[in-house]
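A quick write-up on the structure given underneath.
The values are calculated or read from the model by the stated rules, or taken from the named source; none is laboratory data. These numbers come from a predicted model, not from an experiment. A quick note on method: Cβ atoms are made from the backbone with ideal geometry, for glycine too, and the neighbour counts reach across all protein chains shown.
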Amino acid sequence: MEKLSVAIITKNEEDRLRKTLSALKDFADEIIVVDSGSTDRTVEIAKSFGAKVFIEDWKGYAEQRNSALEKTTYDWILFLDADEVVSEELKTSIRKILKSPTADGFYIRRKTYYLGKFLNFVWNNDWVLRLVNKKANPRWVGNIHETLILEGKTQKIQKGVIYHYTYRSLEEHFRKSFQYALLSAIEYHRRGKKFSLFKAIFNPLWAFFKVYFLKLGFLDGWRGLVIAFSYLFNGFLKYAILWDLERHPKGRVQNSKPNKEQKRKTP
């Protein structure tokens, strides 16, 4: 069976990292952690599980993940966030793949835990490319929405999930939604995209409708409603900030590079 490296980037994740690493015991052959200056016990916890820890300045999500990729020893790499946990069924599926690979990369479904409960509809059909072979030249690209790409064949792992323990609180969710709207508006402004009143009104409403009705968010109860509203909130703020940037561009575009505290997942 091929050996497996797990790559994780962290900053101040002491309350969640232990659960992530505990699930990797007797599963991962190597754990690489690239930390961007944690001030809590994140590094200590990572080392207690035998992880190889590298402390580096924050370079952005894609570059930070690529840095972790470069430090891996084995051909097969599983990328995880510090708030994600592999299920037992997923570990069984990955072991089978490592014995007889049928593709160069594999998509894995994430099941999201939000405000005390796992969601059944919103954020529940989230397939992410996370298991890849280094020989297929995998790399992370993108500034705000980083994406993992490779040169080769991909498949979906049908059995097993990554449990995603997202925002710790409602306050954290909307604070990061605002940060994401700011970063998106700055990126739009840099690319020369202009404010549109029609888009400022229609796009947020469409985002709410799509999440709440088309993706059956209403079946997730009040959690689904909150998530749908967060998309409306994020969409409107993005265009409002873009409008403000066009009026007062100076001084608004500094310090705009996302940091590890501005974790996105979704709006």
Inset, instruction - Report yes if Phe208 is under 18 Å from Leu182 (Cβ atoms), assigned by TED's automatic domain parsing to the domain that holds Phe174, within 24 Å of the chain's Cα centre (by Cα) and assigned to a helix (DSSP H, G or I), otherwise no. - result: no
Inset, instruction - Considering only the range 174-195, state which residues are over 28 Å from Val122 (Cα atoms) and in contact (Cβ under 8 Å) with a residue 40 or more places away in the chain. - result: His189, Arg190, Lys193, Lys194, Phe195
Inset, instruction - Collect the residues in the range 125-174 that are closer than 25 Å to Ala240 by Cα and surrounded by 14 or more Cβ atoms within 10 Å (Cβ to Cβ), keeping them in residue-number order. - result: Asn143, Ile144, Glu146, Tyr167, His173, Phe174
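From Lys159, Lys194, which residue is in the same structural domain as Val85 (by TED's automatic domain parsing) and farther than 24 Å from Ile227 by Cβ?
Numbers: Lys194 fails: in the same structural domain as Val85 (by TED's automatic domain parsing).
Just a single option satisfies the conditions, and that option is Lys159.
Residues that are touching a helix residue (DSSP H, G or I) at 6+ places or on another chain (Cβ under 8 Å), surrounded by 19 or more Cβ atoms within 10 Å (Cβ to Cβ) and in the same structural domain as Ile8 (by TED's automatic domain parsing): list the helices (runs of 4 or more DSSP H) wholly contained in the range 26-119 that include at least 1 such residues. Write out each step before concluding.
Numbers: elements: 42-48, 61-70, 88-99.
Of the helices (runs of 4 or more DSSP H) lying wholly inside the range 26-119, those with at least 1 residues that are touching a helix residue (DSSP H, G or I) at 6+ places or on another chain (Cβ under 8 Å), surrounded by 19 or more Cβ atoms within 10 Å (Cβ to Cβ) and in the same structural domain as Ile8 (by TED's automatic domain parsing) span 42-48, 61-70.
Of all residues in the range 2-25, how many are not in a strand (DSSP E or B) and not basic (Lys, Arg)? Give the steps one after another, and end with the answer.
At the first step, the residues of the range 2-25 found to be not in a strand (DSSP E or B) are 2-3, 11-25.
Retained after the next criterion (residues that are not basic (Lys, Arg)): 2, 12-15, 17, 20-24.
Qualifying residue count for the region: 11.
Would it be correct to say that Tyr180 is under 29 Å from Gly105 (Cα atoms), of a type outside the set (A, V, I, L, M, F, W, C), in a helix (DSSP H, G or I) and not assigned by TED's automatic domain parsing to the domain that holds Glu89? Break it down into steps so the answer makes sense when it comes.
Working: under 29 Å from Gly105 (Cα atoms): yes; of a type outside the set (A, V, I, L, M, F, W, C): yes; in a helix (DSSP H, G or I): yes; not assigned by TED's automatic domain parsing to the domain that holds Glu89: yes.
Against the criterion (under 29 Å from Gly105 (Cα atoms), of a type outside the set (A, V, I, L, M, F, W, C), in a helix (DSSP H, G or I) and not assigned by TED's automatic domain parsing to the domain that holds Glu89), Tyr180 qualifies.
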